[in-house]
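What follows is one structure encoded as structure tokens, with my remarks underneath.
Since every read-out is calculated from the coordinates, none of them should be taken as a lab result. All values derive from a computational prediction rather than experimental measurement. So basically every Cβ, Gly included, is an ideal-geometry build from the backbone, and we count neighbours across all protein chains shown.
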Amino acid sequence: MEQTLSIIKPDGVKRNLIGKIVDRFESNGLRIAAMEMKWLSRREAEGFYAVHKDRPFFGELVDFMVSGPVVVMALEGEDAVVRNRDLMGATNPSEAKAGTIRADFAESIGENTVHGSDSLENAKIEINYFFPSTQVMSDIK
Ligand code: ADP
Ligand code: MG
């Protein structure tokens, strides 16, 4: 059993896609272990994406992530990290496989509807970034 962090980005929340996206997870072997809707502060978004701070798109990414509320979730299930990445599809929606969240809903490489941790190690860091352990309702307990 693994846990991973998912974020429904501001474009997904604005376009009323929360339910459709959560259904993709719940229908494909992942359960919601923690969930919060929140409007990220600039500091919080910059800290979350600190690994990308030297990339040319960093400013644009942070502006987008603070442009509206997001839904932050810890997902739990077998191979949750890879399973979530498979359900999300490639970063660039035009390269994402048919039937993935990004292929079906995302409009650009920047505004690509969902975030998902890229490794188990980062998943732990990212879940801790948003949720105290008492707020993560693991099935394994
Ligand atoms: P992923 O979200 O698939 O793990 P990355 O970690 O590489 O992708 O990038 C983090 C986020 O930064 C992406 O989801 C996207 O919102 C944004 N991003 C990545 N590459 C670009 C780009 N070339 N132009 C604009 N935004 C980008
Ligand atoms: Mg990434």
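Quick notes on this structure:
- Projecting label points 7 angstrom from Cα along Cα→Cβ for residue 14 and residue 32 puts them 2.2 nm apart.
- Proximal lysine pairs, the chain, alpha carbons under 23 Å, eight or more residues apart or interchain: 12
- Using alpha carbons only, the radius of gyration of segment 7-141 set against its Kirkwood radius gives Rg/Rh = 0.93.
- Applying 0.36 nm per residue to the separation of residue 128 and residue 78 and subtracting their alpha-carbon distance, the gain on full extension is 16.0 nm.
- Computed lengthening from residue 91 to residue 53, 0.36 nm per intervening residue step minus Cα-Cα distance: 11.9 nm
- Evaluated at q = 0.12, 0.22, 0.23 Å⁻¹: base-10 log I(q)/I(0), Debye formula over Cα of segment 87-141: -0.39, -0.82, -0.84
- Amide H contacts of residue 34: 74, 137, each under 5 Å away and 5 or more positions distant or on a separate chain (H built 1.01 Å from N in the peptide plane; Pro and chain starts excluded).
- Ranking 94, 12, 27 by how far each Cα lies toward the positive end of the dipole of the chain (charges on Cβ) leaves 12 at the top.
- Each residue of segment 40-48 was assigned a 3J(HN,Hα) from its phi angle through the Karplus expression (A = 6.51, B = -1.76, C = 1.60, θ = phi - 60°), giving 5, 7, 4, 4, 5, 5, 5, x, 5 Hz with x at Gly and Pro.
- The helix-based estimate of mean residue ellipticity at 222 nm for the chain, built from -39,500 (n - 2.57) per DSSP H run of four or more residues and divided by its residue count, is -10000 deg cm²/dmol to the nearest 500.
- Using only side-chain charges placed at the Cβ, +1 for Lys and Arg and -1 for Asp and Glu, the dipole size of the chain relative to its Cα centre rounds to 260 debye.
- 5 angstrom amide H check on residue 39, placed H, neighbours 5+ away: 70
- Taking trypsin sites (Lys or Arg not before Pro) across segment 18-121, the ones in a DSSP loop with at most 16 further Cβ atoms lying within 10 angstrom of their Cβ are 53, 97.
- Distant-in-sequence amide contacts of residue 114, defined by a placed amide H-H separation under 5 Å and a gap of 5 or more residues or a different chain, comprise 9.
- For segment 87-129 versus segment 1-59, the gap between their alpha-carbon centres in whole angstrom: 9 Å
- Projected onto planes of every orientation and averaged, the convex hull of the alpha-carbon atoms in segment 1-69 covers 5.4 nm².
- Shape call, segment 30-108: gyration tensor on alpha carbons, a/c limit 1.5: oblate
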